[in-house]
1. Examine the stretch 130-151 for a residue that is under 27 Å from ASP27 (Cα atoms), exposed (fewer than 15 other Cβ atoms within 10 Å of the Cβ) and out of contact with any Leu (no Cβ under 7 Å at 6 or more places or on another chain), and state whether such a residue exists.
2. Does at least one position in the stretch 107-124 carry a residue that is closer than 23 Å to GLU142 by Cα and within 9 Å of the chain's Cα centre (by Cα)?
3. Cβ-Cβ under 6 Å, sequence separation 6+ or interchain: first residue in the stretch 77-88 and over 11 Å from VAL48 (Cα atoms) and in the same structural domain as ILE56 (by TED's automatic domain parsing), partner part of a strand (DSSP E or B) and among the aliphatic types (A, V, I, L, M). Which pairs?
4. If you go through the stretch 110-128 one residue at a time, do you hit one that is touching a Phe, Trp or Tyr at 6+ places or on another chain (Cβ under 7 Å) and within 20 Å of TYR45 (Cβ to Cβ)?
5. Any residue in the stretch 95-109 that is under 22 Å from VAL8 (Cβ atoms), at pLDDT 95 or above and part of a loop (DSSP other than H, G, I, E, B)?
6. Check off (1) in contact with an Asp or Glu (Cβ under 9 Å, 6 or more places away or on another chain); (2) crowded, with 19+ Cβ neighbours inside 10 Å for VAL54 and give me the number that stays unchecked.
7. Identify, from the list ILE2, ILE19, the residue that is farther than 15 Å from VAL83 by Cβ, of a type outside the set (D, E, K, R) and not assigned by TED's automatic domain parsing to the domain that holds GLU103.
8. Can you spot a residue in the stretch 107-129 that is under 21 Å from ILE19 (Cβ atoms) and buried (at least 20 other Cβ atoms within 10 Å of the Cβ)?
Amino acid sequence: KIWHFVHVREKAKIGKNCIIGKSAYIDTEVEIGDTVKIQNFVSVYKGVRIEDEVFIGPSVTFTNDLWPRSLSWGEDKIESTAVKRGASIGANATVICGVTIGEHAMVGAGSVVTRDIPAHGLVYGNPAKLTGYVCSCGRRLEKLIDTTEVDKVYECACGKTVRIKI
């Protein structure tokens with residue numbers, strides 16, 4: 001479903017079963033996977049790749065040029081950004097280009113993402129900082145059941161076991 005006043009530029013790819021909220025902007029060559037929900041007023045610029053089952057809250061902005069200048073038309077240096085499967089980005093967050101948001105990671109509302117987020121990472125703030133981990137169901141992981149030299153294992157309230165590489 002594509003709502004009112006959405007702009008989708010040429011060469012953009014949108015997967016199956018997606019919802020794109022009103023007044024969203026999808027730039028040229030953006031890639032959006034299947035079952036993605038993009039809320040109202042989101043701006044997704046060239047260089048962004050969004051995998052399957054991602055949630056993007058209202059008014060989220062993705063940038064694509066680390067050094068933008070108004071007089072350099074055609075000379076922009078696009079930095080790629082990847083949002084991995086199952087990640088969620090809260091309302092009014094800004095994602096600075098060149099980062100990867102890991103699988104099932106969660107970005108808090110209003111955050112400014114300036115660096116990579118690990119799989120299942122929970123970040124928020126300006127700049128966004130890692131404050132914990134979340135399950136694929138979205139709940140914060142609090143019950144640590146095992147730790148090794150390479151990972152931590154949590155049990156979620158939903159019953160799933162989640163292994164986090166450290």
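The values are calculated or read from the model by the stated rules, or taken from the named source; none is laboratory data. Keep in mind it's a predicted model, so treat the numbers as computed, not measured. A quick note on method: Cβ atoms are made from the backbone with ideal geometry, for glycine too, and the neighbour counts reach across all protein chains shown.
1. Filtering the stretch 130-151 for residues under 27 Å from ASP27 (Cα atoms) gives none.
No, that holds for no residue.
2. Checking the stretch 107-124: at least one residue is closer than 23 Å to GLU142 by Cα and within 9 Å of the chain's Cα centre (by Cα).
3. ALA87/ILE101; SER88/MET106
4. Filtering the stretch 110-128 down to residues touching a Phe, Trp or Tyr at 6+ places or on another chain (Cβ under 7 Å) leaves 111, 120-122.
Filter again for within 20 Å of TYR45 (Cβ to Cβ), leaving 111.
Yes; the residues of the stretch 110-128 include at least one that is touching a Phe, Trp or Tyr at 6+ places or on another chain (Cβ under 7 Å) and within 20 Å of TYR45 (Cβ to Cβ).
5. Checking the stretch 95-109: at least one residue is under 22 Å from VAL8 (Cβ atoms), at pLDDT 95 or above and part of a loop (DSSP other than H, G, I, E, B).
6. So the condition that VAL54 fails would be (1).
7. On the way: ILE19 fails: not assigned by TED's automatic domain parsing to the domain that holds GLU103.
Of the residues listed, the single one that is farther than 15 Å from VAL83 by Cβ, of a type outside the set (D, E, K, R) and not assigned by TED's automatic domain parsing to the domain that holds GLU103 is ILE2.
8. Here is the first cut: in the stretch 107-129, the ones under 21 Å from ILE19 (Cβ atoms) are 107, 109.
Retained after the next criterion (residues that are buried (at least 20 other Cβ atoms within 10 Å of the Cβ)): 107.
Yes, that holds for at least one residue.
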